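Student: What follows is a structure written as structure tokens; I'll ask about it next.
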Amino acid sequence: MSRTRTTASAVTGAMVLAACLACGTGGGADSPRDAPSNSDGSTPVEMWIFGELHGVLYEQMADRWNELNPDRAIDLRLTVYPYQDMHNKLQLAANSGTGMPDLVDIEVTKFANFVRGDTPPLMDLSAVAEPYRDDVVEARLDLYSRGDAVYGLPTHVGAFVTFYNTELLDEAGVDYTTIATWDDFAAAGAEYSAATGRAFGTANTDVFFVEPLVIAQNGGELFAEDGTVQVDDPVVVESFEMMQAMVDAGAISPIPGSSPDDEEAYGAIARGDYAAIVYPAWYTSRFVDYMPDLAGKIAIAPAPVVPGSDTLTIGGGGTGTAVAADSPVRDLAAEWLAFAKLSPEANVAVWEVLGFDPVNMAVWEDEEVTRNPENQFNQYFTTNLFDVLNEVKDGIGHFESFASPDLPAVNSRFGTVTLTEIYESGVPAREALEQAQRELKNELRQD
């Protein structure tokens, strides 16, 4: 069966695709486009993605679906767009009511833009998710849900863990296994920096990632119960003051590229300029792909915690895959999507192909998968990711702010101004957050 994957780098190709997708009546679940079909009986399914590697997984799962369901075969037609271009194009299609693909990957910080109002342009996937819910991390489904409706299926948990360079720490006499709390992390970081003159952890200035973990562990949120922004809430201020104190103590330092997930940062980490990276578990793939010389030197351990908190970790980042409400093949697309994202078989592939922590926790207990000595990720790291995940699985917390429709505004403000003010310019955290609160309330018209 033919399958096509195109990279939308040419304007002409993108315009042709948009025109083809827009030729139906569009506009909502009650006005579907005409259903397509191929001469071999398979059903064409158009899918937009912004990550090339995700396409590898989807193609594998399409092939497997077709093996199991030859009478309901799909012809998956992937188009890979640049991140911002795809989300802009999708927003235009959603606003106009025409041009939506059958399936689409939506990055978590953009997802709220597509579930506003009473009739989102996305299909409720609750029914197809139901058979897997007992095994799936509910917090990740909640991230793409509104009310009782599930509008997107997650790719991974993204549980925060810590990656330690054991070679560097051993040379400095620092034992990472004694680090449990953020106070432990701060003390170890200060000791390491004093002994070596190098940075320990990272203070990230263009990505608002680690701070939500600390805020969640402290029991805080970025938005009040009525939805209004509250980035100057005492718990948020306390969390940022804790992080700023670690900068002052030398435990965390700004990193080239402004976040660990940047080409400049990969080089700095590979050179040994940083010894501890607190980041989501999917960062395993970055080590394997971009820092191969560190193989055998990196241990994975739980993220530091706030003493007494029930939240040991939260999910960071993510992609929710959705089905267009007006897709003429939406029922078939939704069934395939649940198979491709939530089934144990798919989640084994999520680990083996992408190196991500599977959202279906049944895989976490399958030692043939988790301890496979031939697995490239097991070979690279000195500890087993799933040992860490199973240690913290009962403490995977909810951070309700991730589901706010106004989260993109907070992310933008923090990633362009506030984090730099706090970590690089030395503006007191309270002052920076109070200024952010004023500007966000004005931007969101919440005065």
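Just so you know, all these numbers are worked out from the coordinates, no wet-lab data involved. Here the structure is a predicted model, which is why all the values come from computation and not from measurement. Glycine gets a Cβ as well: all are built from the backbone with ideal geometry, and neighbour counts include every protein chain shown.
Student: Give, in nm to one decimal, the length gained when the segment between Asp134 and Asn95 is fully stretched (0.36 nm per residue of separation minus the Cα-Cα distance).
Tutor: 10.5 nm
Student: Another question about this same structure. Grab the DSSP H runs of the chain that are 4 residues or longer, score each as -39,500 (n - 2.57), total them, divide by all residues and round the 222 nm result to the nearest 500 deg cm²/dmol.
Tutor: It comes out at -11500 deg cm²/dmol, rounded to the nearest 500.
Student: Using the charge dipole of the chain (Lys, Arg: +1 at Cβ; Asp, Glu: -1 at Cβ; taken about the Cα centre), state which of Thr178, Trp351, Gly395 has its Cα farthest towards the positive end.
Tutor: Trp351
Student: Let me ask another. List every residue whose amide H lies under 5 Å from the amide H of Ser253, counting only residues 5 or more places away in sequence or on a different chain, with H placed 1.01 Å from N in the peptide plane.
Tutor: Correct list: Phe200, Gly201, Thr202, Ala203.
Student: To continue, here is another question. For the stretch 296-319 and the stretch 214-259, compute the distance between their C-alpha centroids and round to whole Å.
Tutor: 16
Student: On the first, second and third principal axes, largest extent first, how far apart are the outermost C-alpha atoms of the stretch 335-447 in Å?
Tutor: 54, 38, 25
Student: Right, something else. Using θ = phi - 60° and the Karplus form 6.51 cos²θ - 1.76 cosθ + 1.60, what ³J(HN,Hα) does each residue of the stretch 212-226 get, whole Hz, x for Gly and Pro?
Tutor: x, 4, 5, 4, 5, 5, 7, x, x, 9, 8, 10, 6, 4, 7
Student: Going 7 Å from the Cα of Ala362 toward and past its Cβ, which residues in the stretch 150-178 have a backbone nitrogen under 19 Å from where you end up?
Tutor: 153-157
Student: Residues of the stretch 242-272 with amide nitrogen under 14 Å from the 7 Å Cα-to-Cβ point of Ala194?
Tutor: The answer is 249-251, whose backbone nitrogens lie closer than 14 Å to the label point.
Student: Which of the listed residues, Ala94, Val323, Ala333, is farthest toward the dipole's positive end in the chain, when Lys, Arg count +1 and Asp, Glu count -1 at the beta-carbon?
Tutor: Positive-most Cα among the choices belongs to Ala94.
Student: Let me ask another. Could you give the nm distance between label points at Thr416 and Asp148, where each point is 7 Å from its Cα heading toward the beta carbon?
Tutor: Rounded to a tenth, the inter-label distance reads 4.0 nm.
Student: While we're looking at this one, here's another question. Round to the nearest 0.05 the FRET efficiency obtained for Ala270 and Leu68 when R0 = 30 Å and r is the Cβ-Cβ distance.
Tutor: That gives a FRET efficiency of 0.10.
Student: Assuming R0 = 51 Å, what is the FRET efficiency of Ala409 and Thr382, from their Cβ-Cβ distance, to the nearest 0.05?
Tutor: It comes out at approximately 0.80.
Student: Could you bin all the Cα-Cα distances of the stretch 236-322 into 5 Å bins starting at 0 and give me the percent of pairs in each, rounded to whole numbers?
Tutor: Pair shares across the bins are 2, 11, 19, 23, 20, 15, 8, 2, 0.
Student: Determine, from the Cβ-Cβ distance of Asp226 and Tyr83 and an R0 of 30 Å, the FRET efficiency 1/(1 + (r/R0)^6), rounded to the nearest 0.05.
Tutor: Approximately 0.40, to the nearest 0.05.
Student: Please grab the % of Cα pairs in the stretch 157-216 that end up more than 19 Å from each other.
Tutor: The proportion of pairs with Cα distances above 19 Å equals 34 percent.
Student: How do Leu433, Leu53, Leu332 line up, fewest other C-beta atoms within 10 Å first?
Tutor: Lowest count first: Leu53, Leu332, Leu433.
Student: To continue, here is another question. Give the residue from Ala187, Phe163, Leu433 lying farthest towards the positive end of the charge dipole for the chain; charges sit on Cβ (+1 for Lys and Arg, -1 for Asp and Glu) and the dipole is referred to the Cα centre.
Tutor: Leu433
Student: Now for a separate question. Could you give the length gained on full extension between Glu400 and Asp184, defined as 0.36 nm per residue of separation minus the Cα-Cα distance, in nm?
Tutor: Here the answer is 75.0 nm.
Student: Enumerate the calculated ³J(HN,Hα) couplings along the stretch 411-418 in order (Karplus 6.51 cos²θ - 1.76 cosθ + 1.60, θ = phi - 60°), each rounded to whole Hz, writing x wherever the residue is Gly or Pro.
Tutor: 4, 5, 4, 5, x, 9, 10, 5
Student: Which shape class, rounded, prolate or oblate, goes with the stretch 366-406 when its Cα gyration tensor gives a ≥ b ≥ c as root eigenvalues, a/c under 1.5 marks rounded, and past that a/b bigger than b/c marks prolate?
Tutor: prolate
Student: Report the paramagnetic label zone for Glu391: residues of the stretch 275-290 whose backbone N is under 15 Å from a point 7 Å from Cα along the Cα-to-Cβ axis.
Tutor: 277-279, 281
Student: How large are Rg and Dmax for the stretch 112-212 when calculated on the C-alpha trace, in angstrom?
Tutor: Expressed in Å, the Cα Rg and Dmax of the stretch 112-212 come to 20.6, 58.
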